[in-house]
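Visitor: The structure follows.
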Amino acid sequence: MGSVYFFIISENELNSGKQEKAVPALSEILHSTIQPTEMASNKTKEQIPANEDMPEQESLLQGAQGQTLITAITSFWQQCSRHNNCDELLAQQQLLLDDDRYQLLVNFPVNQQEEQSLMGESLISQDASLADKIANVKAIREQVWGDDAALLFQQQDAYYDYRLSLSDPGNSVNQTQNADDFIQEYNQMLAERGDDLDSFALSSDTAKYEEALKSIPSSMPEAETARIKAELASQYLTTNELQSITNREQQVDAQEQEITDYQQGLNALEVTLANERATTMKTMSNEDWLAYKADRLYQYRVDFFSA
């Protein structure tokens, strides 16, 4: 299961609210009635079959938080489903975990499926603010997980707060109007978020550079933007890394220009065809017109992409 908190990197992705990868279907996981209390009374820990990496998993189930805990619980259900011994391993975990963690483990597949369903059914507007989208996600999680939401999603909440701070016009980074101030404020922000940089995928110098470029205020003068790119490239990138990023940016720019050119040409052709239909092709039958139009559009695509 991927790092769930990265699904909201862009504002639009919040609309889906879907996680990258779900645990196995309940029909596969909960293949039999679970009776952990009864089984725990009849078997000792030593008698219960364990999976190959159970010692490490047991430690994580007892003490982990956030994404690490989500991954450990997901792994537990995937493994016991594969080995067909979920009842036995749940009975073992009942002896090891406190009641809150045990209930979290037992109810995890059902709760996760409910969360995904509610996220998918959420009708929050595409035009809603980032704050409203994040609030919607948090409300659904609190509804499903209750007090466990903080235990499971603390890293994601920290990332949400970070994204919100970047979108706040009052943020000190967004108020900068020259390269020196921007770089100072950006580096200060990274220092303040030091403990979270790994979970934000911002621990590498390349990631810090690219995040900085995305954080440059739209009001920043063009000359100052160029200075920011040059100075941060010197600070964070090797020559090869800078060349790789430059090549990628050029490829993206070329693709965007190609899309623009294609659409402009297509729009012009549509105008020409509409004019022909109203004048020189006015007497053509509808069937012949549709065939003629399809041929013109096909030929446009062939000519455009073979140029």
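The values are calculated or read from the model by the stated rules, or taken from the named source; none is laboratory data. Treat the numbers as computed from the prediction; the structure is a model and nothing was measured. With ideal geometry, Cβ positions are generated from the backbone for all residues, glycine too; neighbour counts draw on all protein chains shown.
Visitor: For residues that are free of Cβ contacts under 8 Å to residues at least 12 places away in the same chain and of a type in the set (A, V, I, L, M), scanning just the stretch 218-253, find the one that is nearest to T206 (Cα to Cα).
Guide: If we take residues in the stretch 218-253 being free of Cβ contacts under 8 Å to residues at least 12 places away in the same chain and of a type in the set (A, V, I, L, M), then L242 is nearest to T206 (Cα to Cα).
Visitor: Considering every residue within the stretch 162-170, establish whether at least one is basic (K, R), under 21 Å from A201 (Cα atoms), in contact (Cβ under 8 Å) with a residue 60 or more places away in the chain and not assigned by TED's automatic domain parsing to the domain that holds I228.
Guide: yes
Visitor: Within the stretch 103-132, restricting attention to residues that are touching a Leu at 6+ places or on another chain (Cβ under 8 Å) and either loosely packed, with under 13 Cβ neighbours inside 10 Å or at pLDDT 90 or above (or both), which residue is nearest to L61 (Cα to Cα)?
Guide: L105
Visitor: May I ask you to verify whether A149 is within 30 Å of E185 (Cα to Cα), among the hydrophobic types (A, V, I, L, M, F, W, C) and outside the structural domain of S218 (by TED's automatic domain parsing)?
Guide: When the stated conditions are applied, A149 does not pass them.
Visitor: Kindly indicate whether I183 is under 30 Å from Q235 (Cα atoms), of a type in the set (V, I, T), touching a residue at least 12 places away in the same chain (Cβ under 8 Å) and surrounded by fewer than 20 Cβ atoms within 10 Å (Cβ to Cβ).
Guide: Judged against the criteria, I183 is a match.
Visitor: In the stretch 144-203, which residues are of a type in the set (S, T, N, Q) and part of a helix (DSSP H, G or I)?
Guide: Q154, Q155, Q156, S165, S167, Q184, N187, Q188
Visitor: Sort out which residues of the stretch 292-307 are surrounded by 12 or more Cβ atoms within 10 Å (Cβ to Cβ) and either in contact (Cβ under 8 Å) with a residue 40 or more places away in the chain or of a type outside the set (K, R) (or both), and write them in order of number.
Guide: Listed by number, the residues that qualify are Y292, L297, Y300, F304.
Visitor: Follow-up question, since we're still on this one. Does S122 count as within 19 Å of A191 (Cα to Cα) and touching a residue at least 12 places away in the same chain (Cβ under 8 Å)?
Guide: For S122, the condition - within 19 Å of A191 (Cα to Cα) and touching a residue at least 12 places away in the same chain (Cβ under 8 Å) - is not met.
Visitor: A further question on this structure: Consider only pairs whose beta carbons are under 7 Å apart and that are at least six residues apart or on different chains; among these, list those whose first residue lies in the stretch 128-146 and is assigned by TED's automatic domain parsing to the domain that holds L104 and whose second residue is assigned to a helix (DSSP H, G or I) and aromatic (F, W, Y).
Guide: Going by the 7 Å Cβ cut-off, the qualifying pairs are I134/Y160; R141/F153.
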